[in-house]
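Reading through the structure tokens given below for one structure.
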Amino acid sequence: NIIPKLFADRGPGDHVRVWVAGCATGEEAYSIAMLLAEYAPDPVNGPPIQIFATDIDDHALAKARAGLYTLNDAADVPPDRLGRFFVTDGDSYRVRRELREMVLFAAHNVIKDPPFSHLDLVTCRNLLIYLGAAQQQVLFGRFRAALDPGGFLVLGRTEALLGKARRFFECVDIPNRFYRILATERAENPSRAE
């Protein structure tokens, strides 16, 4: 329901831009990269894919950049995806270079650092549970400022939009916490709580 909309009416002069906030060791960022690569209509004439994956933990980011996962880490990856997107590296799996190059891992504090901009999709799963209500409101304002009109926000299944943030997004999938920013809304000042 979401990924086809990210590519609709886009050619090589456009981009599909995604931000994975709180990416930890990279599993979600690479999973999204796989889904986008599988759907991309034409790798030559289609829009380039840019995924920004951020976290404040330098150790986790180093692991994410390496893209090296144990057999146990990769146990839930279907065999066809393992074959397409990974190579064996000893007794581990390494994400193929082409997929790693789609993802830019960077140190970033979602509350203090400026958000990215002109995004089509933001995922922030299982980070809000570590933040207080005031910090969550700041973060929702930043996501609102970062997303282009009609862009999507994905939260963790135990998380939800709070307070005033609910009026700027519509829910497109309640159980999976998929939201779309209303096309008429955009934050003017991403540094303040909405």
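The table for this structure:
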read-out: Residue that is farthest from LEU162 (Cα to Cα), among those in region 113-127 that are assigned to a loop (DSSP other than H, G, I, E, B) and of a type in the set (A, V, I, L, M, F, W, C); value: PHE116
read-out: Subset of region 56-72 [open to solvent by 20 Å² or more (accessible area, probe 1.4 Å), in contact with a strand residue (DSSP E or B) (Cβ under 7 Å, 6 or more places away or on another chain) and farther than 19 Å from VAL87 by Cα]; value: ILE56, ASP58
read-out: Residue tally, condition open to solvent by less than 10 Å² (accessible area, probe 1.4 Å) and either part of a loop (DSSP other than H, G, I, E, B) or farther than 23 Å from ARG144 by Cβ (or both), over region 1-24; value: 1
read-out: Residue ID - modelled with the highest pLDDT, chosen from residues in region 79-107 that are part of a strand (DSSP E or B) and open to solvent by 80 Å² or more (accessible area, probe 1.4 Å); value: LEU104
read-out: In region 72-96, the residues that are in contact (Cβ under 8 Å) with a residue 40 or more places away in the chain and not charged (D, E, K, R); value: PHE85, VAL95
read-out: Residue within region 69-76 that is of a type in the set (Ser, Thr, Tyr) and part of a strand (DSSP E or B) present; value: yes
read-out: Of all residues making up region 128-183, the number that are part of a strand (DSSP E or B) and closer than 19 Å to ILE56 by Cα; value: 1
read-out: Test for VAL110: is it open to solvent by less than 40 Å² (accessible area, probe 1.4 Å), over 17 Å from ASP55 (Cβ atoms) and outside any strand (DSSP E or B); value: no
read-out: Evaluation of GLN137 against (1) at pLDDT 95 or above; (2) touching a Lys or Arg at 6+ places or on another chain (Cβ under 8 Å) (one fails), failing number; value: (1)
read-out: Residue match in region 37-45 (condition: among the aliphatic types (A, V, I, L, M), open to solvent by 10 Å² or more (accessible area, probe 1.4 Å), closer than 21 Å to ASP80 by Cβ and assigned to a strand (DSSP E or B)); value: no
read-out: Test for ALA75: is it closer than 23 Å to ARG125 by Cα, surrounded by 14 or more Cβ atoms within 10 Å (Cβ to Cβ) and out of contact with any His (no Cβ under 6 Å at 6 or more places or on another chain); value: no
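The values are calculated or read from the model by the stated rules, or taken from the named source; none is laboratory data. In this text the structure is predicted, and so the values were computed from the model without any measurement. Methodologically, a virtual Cβ is constructed for each residue, glycine included, from the backbone with ideal geometry; neighbour enumeration extends over all protein chains shown. Ligands, DNA and RNA are excluded from the accessible area calculation, which covers all protein heavy atoms including side chains. Shrake-Rupley method; radii C 1.70, N 1.55, O 1.52, S 1.80 Å.
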